[in-house]
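A short worksheet on the structure shown next.
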6 protein chains.
Amino acid sequence: MADQIELIPGNSLITATPEEGRALAVKMSRLIIKVTQPDADVRTKLRNVYAEDPMMLIAIGQTVATEFATIAAANNYWQKS
Amino acid sequence: MADQIELIPGNSLITATPEEGRALAVKMSRLIIKVTQPDADVRTKLRNVYAEDPMMLIAIGQTVATEFATIAAANNYWQKS
Amino acid sequence: MADQIELIPGNSLITATPEEGRALAVKMSRLIIKVTQPDADVRTKLRNVYAEDPMMLIAIGQTVATEFATIAAANNYWQKS
Amino acid sequence: MADQIELIPGNSLITATPEEGRALAVKMSRLIIKVTQPDADVRTKLRNVYAEDPMMLIAIGQTVATEFATIAAANNYWQKS
Amino acid sequence: MADQIELIPGNSLITATPEEGRALAVKMSRLIIKVTQPDADVRTKLRNVYAEDPMMLIAIGQTVATEFATIAAANNYWQKS
Amino acid sequence: MADQIELIPGNSLITATPEEGRALAVKMSRLIIKVTQPDADVRTKLRNVYAEDPMMLIAIGQTVATEFATIAAANNYWQKS
């Protein structure tokens, strides 16, 4: 497994807004697929499978939800202190 | 994957009530399906599948439960301070 | 998907006891199935499936466990302050 | 679904020790199976299935782990204050 | 299900190091399999199945991750106060 | 199951950056696969399966997300205090 892939863009969990935090969660979850399967052609083939499979789409949502929980806590839920 | 889809309506996790927080959790979970599968026709086809599949319906509930946990914490559980 | 279904009975996570909190968790998890599949006849048909399927029953338990974690935190674990 | 089943024995998350807290987590997870499938004969039949199915046994462990996380937090991890 | 099995070795979540905490998480997750399926011969048969099944191995990892989260929090992440 | 495998490299959850924390989460999740299936040849065979299976790749992402949540909390989200 190629471990030189950047796993957290910008090497920080801190984002300006919840929307950016959500996009980071989506990105981070995809980067784990990438680091586990570095072959881009294989990933494209797999994308065509999971993008049409309800259970896989739901499971992706579960991963993003867990990643986002961490990012939201890291940003203290973007509350104006 | 289309990344210009708005992932968090209103770009905030703060809601007036738990009910609104719950609706936001449902909405946020659906938006991840959308950003992963931007084709509306495909999503309609998939909806007809998961809406009649007990395991998929349960899995959707698990995603919403995790999203809601984050939103509830962000709103300090809507406690009157 | 019918979004006018009440997702949190009483619009509050606060309950008098853990037992009530647990019942709320069960109720909230069912309401997500309902809002995703509003057709009562379909849900009855699905109930006959998942109620006899060990994996689906276990998955329901996982959802309730996550919902309950949120409700318990909201109630500060019902500790006498 | 029979909702008069007691979901939390003793109506409290507080236990004297981690071991008791763990047993409570196991009990609480089983009670959700019971409240979802009140028929004891069906549950016995299902038990013979999941007790010999690795994936179902693992999934039960995931549920107990989530329940235990809540109970452990409720007991402040049984730390001598 | 045999409930006299010790579920938490040493009846404590407190460990000297993260490594010990991780081993405890692995042990605790196995003990739930044991308490759900007390028959050692059956468990040996099941082990030969899940040890060669990628999805089951991954699912075991998910359980350990959740158990470890609880143990790490109980030990305040082993931070020198 | 070989239990002498090191489960947490460096026996600490503390890392200098989020990126290192993320890599630790990936490593820790792999080490649980290793401790459950110590045979390297079997793991290589399994890797060829899960690296081409969308659902398994997604499930690996879920494990890493949970491990990372713990590591991020342990590092107080790498916030400059």
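Among the helices of chain B, those built from whole DSSP H runs whose Cα atoms reach 20 Å or more along their own axis and whose mean Kyte-Doolittle hydropathy is at least 0.5 are B:54-74. When the Cα gyration tensor is reduced to axis lengths a ≥ b ≥ c, the ratio a/c stays below 1.5 for the protein assembly as shown, which is therefore classed as rounded. With the label put 7 angstrom out from Cα along the Cα-to-Cβ vector, F:S12 ends up 2.4, 2.4, 4.1, 4.1, 4.8 nm from the copy partners, going from closest to farthest.
The distance separating the Cα centre of segment E:28-64 from that of segment F:37-69 comes to 16 Å. Largest mean-square fluctuation among B:R43, B:R30, B:R22, in a Gaussian network model of chain B whose springs join Cα atoms under 10 Å apart, belongs to B:R43.
Counting from the shortest, the label point at C:N76, 7 Å from Cα toward Cβ, is 1.2, 1.2, 2.1, 2.1, 2.4 nm from the same position in each remaining copy.
Please give the per residue accessible area of the protein assembly as shown, computed with a probe of 1.4 Å over protein heavy atoms only, in Å². Working shown, then result.
Details: 20240 Å² over 486 residues.
Normalised by residue count, the accessible surface of the protein assembly as shown is 42 Å².
When the listed pairs A:K80/B:K34; E:K80/F:K27; D:K80/F:K80; C:K27/C:K80; C:K80/E:K80 are checked against a 28 Å cut-off, the alpha-carbon distance exceeds it for A:K80/B:K34; D:K80/F:K80; C:K80/E:K80.
Along its three principal directions, the equivalent ellipsoid of segment C:22-67 from the Cα gyration tensor extends over semi-axes of 17, 15, 7 Å, largest first. For chain F, the gyration tensor built on C-alpha atoms gives an oblate shape. Its axis ratio a/c (a ≥ b ≥ c) is at least 1.5, and a/b is not larger than b/c. Think of it as helices only: each DSSP H run of n ≥ 4 in chain F is worth -39500 (n - 2.57), and spread over all residues that comes to -21000 deg cm²/dmol at 222 nm.
Position B:D41: other-copy label points at 2.9, 2.9, 5.1, 5.1, 5.9 nm, ordered by increasing distance, label point 7 Å along Cα→C-beta.
The values are calculated or read from the model by the stated rules, or taken from the named source; none is laboratory data. Keep in mind that what you see is a predicted model, and the values were worked out from it rather than measured. Quick reminder, even Gly has a Cβ in these numbers, built from the backbone with ideal geometry, and neighbours come from all protein chains shown. Each accessible area value is taken on the protein alone, full model and side chains, heavy atoms only, with ligands, DNA and RNA left out. Shrake-Rupley method; radii C 1.70, N 1.55, O 1.52, S 1.80 Å.
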